[in-house]
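The values are calculated or read from the model by the stated rules, or taken from the named source; none is laboratory data. These numbers come from a predicted model, not from an experiment. Cβ coordinates were reconstructed from backbone atoms using ideal geometry, including for glycine residues, and neighbour counts include every protein chain displayed. Protein only, heavy atoms only, side chains kept; ligands, DNA and RNA dropped before computing areas. Shrake-Rupley method; radii C 1.70, N 1.55, O 1.52, S 1.80 Å.
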Amino acid sequence: MKQSVPAKVDSSTLVLSATSKQLLPWLVAVALFMESLDTTILNTAIPAISAALKVGPLSMKSVLASYTLSLAVFIPISGWMADRFGTRRVFASAIGLFTLGSLLCGLSSDIHLLVACRVLQGCGGAMMVPVGRLTLVRTFAKSELLRAMSFVSIPALVAPMLGPIAGGLIVGYLHWRVIFFLNIPIGLAGLILVYLHLPNYSEKDVKPLDLVGLILFGSGIALLSYVLEIFGEHTLSGREITGLLALSLFMLAGYVVHAGNIPFPLLELGLFRIRTFRASVSGSFFTRLGMGGVPFLLPLLYQVGLGFTPIQSGLLIMPQAVGAMSMKIIMTRVLNQFGYRGVLVSNTIIIGLLILAFGTIGPHTPIWLICLQAFVYGGFSSLQYTSMNTLAFADTTEAQTSKASSIASTMQQMSVSFGVAIAGLTTAFFVPASPRSEPLVIVRGLHHAFLLLGALTIASTIVFRSLRSGDGDDVSQHKALHTGG
């Protein structure tokens, strides 16, 4: 039975039915699963979609980057939207946007239209998961919150395991459009459950939205990402690219000045004065520049370069998720033993070396060795993500947690978007634009891309060296165990 809740409520007085409270973690988990599965499935299908749309595989980087970039732009306003319009309304709108974007993506017959629809998907995704987690925090007491959040984190671990093989099966036996159509029945069911069971928390006194900051920041990073994508494709002259780059940097610099002169900025940059937060977020950004391109490059290497089927490609990527889940068992012990500084400095170097190792995979590499590399990479990646994510909150106060989370999530999505663009840019220097290039030429170009990404990752250890021994030691074991990547 639908619960009647006033449009404006005080979260301390809202009482949920037992059924609604029990279903709430499931609702958020389904939203997170839908979002996580969408990306991991799509990575495996990149070669098939590029062939269907009659574009080169490297052109598909914009399809991936546009989604994460859209997340980066709209995540900062998700909390404000929930406070202003209510969690139920915003969460339902987010699921609706994501579902509509999925439908339009599945109907797209042109790459430019597909990119536009991915942006629409990203708008929904940016609101969906953060608002869902915010609802959990406001619904459950602290004694119950850990169990609820732990349950919600499961899809983030399961989706990367199912995504690659599901994408391979869909492309192999059905049609690539089914990847997007899968979200439609899930989204529609989610909308019904949201209106029946999701509480509608909102705030009476909402701070004003930093609209100028949103325009400056959003336009700046969107333009910068566009420059990274088209650089090297010779679609614009050097003077035009330089002008666009200067404009994007000018907008971002303008945001920094603007944020320092208003009481409620879009992103609270003053948090970067906290050493652990600065090292975590900055180190995460530069590390993910290298790691963010790996999910884009591996399916190209396996399918386009080495000739594996989509299903085989998915099976070769699956060990990464198994390795990530396996690392969760010993993660807290490792952090307690070596500390955040020791783990992040050494682990970043290890990941960089593993990315370099992907640049050695060729036609004669044994399958067992490819799977072993994927498994080890998945394990160390999981340790890296969890360490970076939890360290960000080591020295922030409870009042700063929401703002710190917005910055960390935004920077994370930015770095993934830029990482895909850099990976595609690097590969484009060594791979001809023709979609029918020789496989060995493609393999060689992808190897060079892995080498650059690995070097970028190793170089990011410079940021983590600013940490001191003992930094982050007061972060609870529960946080280390249950914070996802």
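Summary of computed values
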| read-out | value |
| --- | --- |
| For residue 249, solvent-accessible area (1.4 Å; no DNA, RNA or ligand), Å² | 90 Å² |
| Peptides 84-95, 191-202 ordered by average Cβ neighbours within 10 Å, highest first | 84-95, 191-202 |
| Tail weight of P(r) past 24 Å, computed on alpha-carbon pairs of segment 281-391, percent | 26 percent |
| Among 391, 160, 349 - extreme Cα towards positive end, dipole of the chain, charges at beta-carbon | 391 |
| The chain: angle of helix 111-139 to the longest principal axis, Cα-based, in degrees nearest 10 | 40 degrees |
| Residue-normalised accessible area of the chain, expressed per residue, 1.4 Å probe, Å² | 43 Å² |
| In degrees, nearest ten, helix 142-173 long axis to first principal axis of the chain (Cα) | 30 degrees |
| Cα-centred dipole magnitude for the chain, charges only on beta-carbon of K, R (+1) and D, E (-1), debye, nearest 20 | 440 debye |
| Residue 223 accessible area, 1.4 Å probe, all protein chains in place, Å² to nearest 10 | 40 Å² |
| Isotropically averaged projected area of the chain, using the convex hull of Cα atoms (one quarter of hull area), nm² | 21.6 nm² |
| Accessible carbon and sulfur surface of the chain relative to its total accessible area, %, 1.4 Å | 67 percent |
| Segment 49-125: equivalent-ellipsoid semi-axes (sqrt of 5 x gyration tensor eigenvalues, Cα, Å) | 28, 13, 6 |
